[in-house]
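A quick write-up on the structure given underneath.
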Amino acid sequence: MYLKEIRIMDFRNYANLRVQPHQELNFITGPNARGKTNFLESVFFAGLGRTFRGHDRDIIRWDANRASVQAFFSLADSTVEVKAEIANEGKKKILINGAENGRQDMPGCFGIVLFKPDDLQIIKGSPGLRRDFIDNDLGVIEPLYRDTLYKYRRVLAHRNNLLRAGGDMGGENISIWNEQLYLYGAQVLSLRIRLLKKFFPLAKKAYSEISGAGEELGMRYLSTVKLSGTADAEQIAKDFRAEGKVREREELYKKQTTIGPHRDDLVFYLNGKDVRQFGSQGQVRSIVLALKTAQMRMFYHDTGEKPILLLDDVLMELDEARQHYLVDMIGDQIQTFITSATGKEKFSGQQGKIYLVDGFGFKELEEV
Ligand SMILES: Nc1ncnc2c1ncn2[C@@H]1O[C@H](COP(=O)(O)OP(=O)(O)O)[C@@H](O)[C@H]1O
Ligand SMILES: [Mg+2]
């Protein structure tokens, strides 16, 4: 898929902007703090209905009442129009081909893969960042995953509220939520395991392409619920239930739900060694690049559509070899938006458009 056209209104520093990007390469350059990332954010918002930094409401241009984005995505055999807007009070409205909530049936619209400098934190940062990667970056393709996770989070929030309220009240009442916690939690776990089963080999392969022979990437899902090695949701629910019962006293004391998919982690290994402890900066960069590559390939395998790639200020951060890998991969008919203050010469000889964002507007420069 690719983005044919995007119209942006009152989005960050853009009052009004209309862009018809190149089908492959779009290079967005200019000084800092003038709106390069803001533009990528608008493409992301059109594709996924949310921002990747701060609250969704933050995207509304200062002094405006609402932000809106209209985008036309070209899929294999159709064009899809997305209209997404958010108003001051936080209310969002997303229309797909004019219909509300059509998004469930349009997995193609979710094909946005973003790579930003913060993503390096995925490897060594807090477990929450790795769970976000699974939930937001990988799980987003599957409506069932999103719905199940949503239900689990709702039950978890109710249960934690009661635990926090404490006293006899808490103890008596959490039992109302336990069964749903185990059930939805087990479904989330089951779906995560299936998702990662597809994802791991792709990431492993991409890593070996990037780093060459000699280094093998390993990954392991570390669950706080002891799993008996199956992805079967019913079996996992049994495991979760059994352990949940044992934990209940401790949870009343700690006032939080201490096990479940919301506490799990993903660990990366290189040649069997835990990357959190032993990984060099270069290795971390290669792993993140491999994760993003695998994410793109998985999306393609699952939907038959090539995703759109957004590279926010990461290209020049990579060394020559990794830049080459990325540029080669992009060359494969993947629509790409790259922001960078420098480096447009990297793409000489390739077809594409260059945009200059200099605070006096968003200007299309010469074709590359
Ligand atoms: N809601 C908003 N309304 C208007 N301007 C905003 C809003 N949010 C951020 N900005 C402005 O956007 C600019 C940063 O844009 P950004 O795209 O992050 O820059 P860069 O070109 O470095 O990627 C800042 O000047 C900031 O003041
Ligand atoms: Mg930026």
For the chain, whose charge dipole is built from +1 on Lys and Arg Cβ atoms and -1 on Asp and Glu Cβ atoms, the candidate among Leu318, Ala203, Ile174 with its Cα farthest towards the positive end is Ile174
Going residue by residue through segment 208-224, the Karplus relation 6.51 cos²θ - 1.76 cosθ + 1.60 with θ = phi - 60° gives ³J(HN,Hα) values, rounded to whole Hz and with x marking Gly or Pro, of 5, 5, 6, 9, x, 6, x, 10, 10, 7, x, 9, 9, 8, 9, 9, 6
One quarter of the C-alpha convex hull surface, i.e. the mean projected area of the chain in nm², amounts to 19.9
The Cα radius of gyration of segment 1-133, divided by 2.2 N^0.38 Å with N its residue count, comes to 1.07
Simple SL model, points at 7 angstrom along Cα→Cβ for Asp274 and Asn173; separation in nm is 3.8
Partner lysines whose C-alpha sits under 16 Å from that of Lys116, ignoring same-chain residues fewer than 8 away, are Lys36, Lys124, Lys292
Largest-first semi-axes in Å of the equivalent ellipsoid built from the Cα gyration tensor of segment 237-303 are 34, 19, 10
Debye calc, one equal point scatterer per Cα of segment 223-342, no solvent, log10 I(q)/I(0) at q = 0.17 1/Å comes to -0.97
Over all directions, segment 275-368 yields a Cα convex hull whose mean projected area in nm² is 7.6
In the chain the DSSP beta bridges are antiparallel at a rate, in percent to nearest 5, of 70
About its Cα centre, the chain carries a charge dipole, from +1 on Lys and Arg Cβ atoms and -1 on Asp and Glu Cβ atoms, whose size in debye to the nearest 20 is 860
In nm, the gap between the two label points placed 7 Å beyond Cα toward Cβ at Asp132 and Leu144 is 2.8
For Lys254, the lysines lying under 19 Å Cα to Cα, once residues fewer than eight places off in the same chain are dropped, come out as Lys245
Counting all Cα-Cα pairs in segment 133-300, those more than 26 Å apart amount in percent to 38
Sorted by chain and then number, the residues having a modelled amide H within less than 5 Å of the amide H of Arg61, at least 5 places away or on another chain, are Phe11, Arg12
Highest mean packing first, using Cβ neighbours within 10 angstrom, the peptides 326-337, 32-43, 180-191 sort as 180-191, 32-43, 326-337
Taking only Cα atoms of segment 117-232, the Rg to Rh ratio with Kirkwood Rh works out at 1.07
Mean shadow area (nm²) of the C-alpha convex hull around segment 108-154 is 3.7
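Here, each number is a calculation from the coordinates, and none is a lab measurement. These numbers come from a predicted model, not from an experiment. No Cβ is skipped: glycine too gets one built from the backbone with ideal geometry, and neighbour counts run over all protein chains shown.
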